[in-house]
Amino acid sequence: MIQLDRILVPIDFSKFSKHALRYGCAFAEEFHAELHLLHVLQDLIHVVPDVGTGLPAPDVYFRELHENAEKALAELPGDLWSGGKEVVRALRTGTPFLEIVRYAKENEMDLIVLGTHGRSALVHLLLGSVAEKVVRKAPCPVLTVRHPEHEFVPI
């Protein structure tokens, strides 16, 4: 029998990741597993303009992003979680797919539940796919959830 003790749901606060969160919560409750929510802030210090452009300084801007992400993460999973084991929330900085894979390894995740954006072939070719990279590099199974083609129906 499959035993899932720790389930990771990467969250970027999009409708796609929130849809995947529904699946993650359902699996965590079904298997009485810990639910881990991870948000990765991309390191934007190198791409944010310098002071004098009318924008906040990069360190101020990044600190605000970090604080806002912490607040948003604290509100999840909200109504989707009816209790059970612990919900672990984490915030990392770096390249999203690398940090997701690193977190999964460090915390011995049993499953990653990840939303996909369903980008066009051209955009996918130019930008790549976080989900695809996670699937290829993850140390555990990855469930990708595409929104909204298949609606989750609890039994």
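The values are calculated or read from the model by the stated rules, or taken from the named source; none is laboratory data. Please read these numbers as outputs of a predicted model, since none were measured by experiment. FYI the Cβ positions are ideal-geometry reconstructions off the backbone, even for glycines, and counts take in every protein chain you see.
Out of ALA90, ALA104, report the one residue that is crowded, with 18+ Cβ neighbours inside 10 Å and at pLDDT 80 or above. Walk me through how you get there before you give the answer.
Details: ALA90 fails: crowded, with 18+ Cβ neighbours inside 10 Å.
Testing whether each residue is crowded, with 18+ Cβ neighbours inside 10 Å and at pLDDT 80 or above leaves just ALA104.
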Task: Subset tally (residues that are assigned to a helix (DSSP H, G or I), in contact (Cβ under 8 Å) with a residue 40 or more places away in the chain and out of contact with any Pro (no Cβ under 8 Å at 6 or more places or on another chain)) for the range 25-37 - done: 3
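Within the range 107-117, track down each residue that is of a type in the set (D, E, K, R) and buried (at least 21 other Cβ atoms within 10 Å of the Cβ). Walk me through it before giving the result.
Keep residues of the range 107-117 that are of a type in the set (D, E, K, R), which gives 108, 110.
Selection gives nothing.
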Open item on the list: So the check is Cβ under 8 Å with 6+ separation or different chains; which pairs have a first residue in the range 67-93 that's under 29 Å from ASP43 (Cβ atoms) and a second one that's of a type in the set (Lys, Arg) and in a strand (DSSP E or B)?
Closed with: LEU73/ARG89; ALA74/ARG89; LEU76/ARG89
Open item on the list: Anything in the range 1-11 that is surrounded by 19 or more Cβ atoms within 10 Å (Cβ to Cβ) and either of a type in the set (A, V, I, L, M) or part of a loop (DSSP other than H, G, I, E, B) (or both)? List them, or say none.
Closed with: ILE7, LEU8, VAL9, ILE11
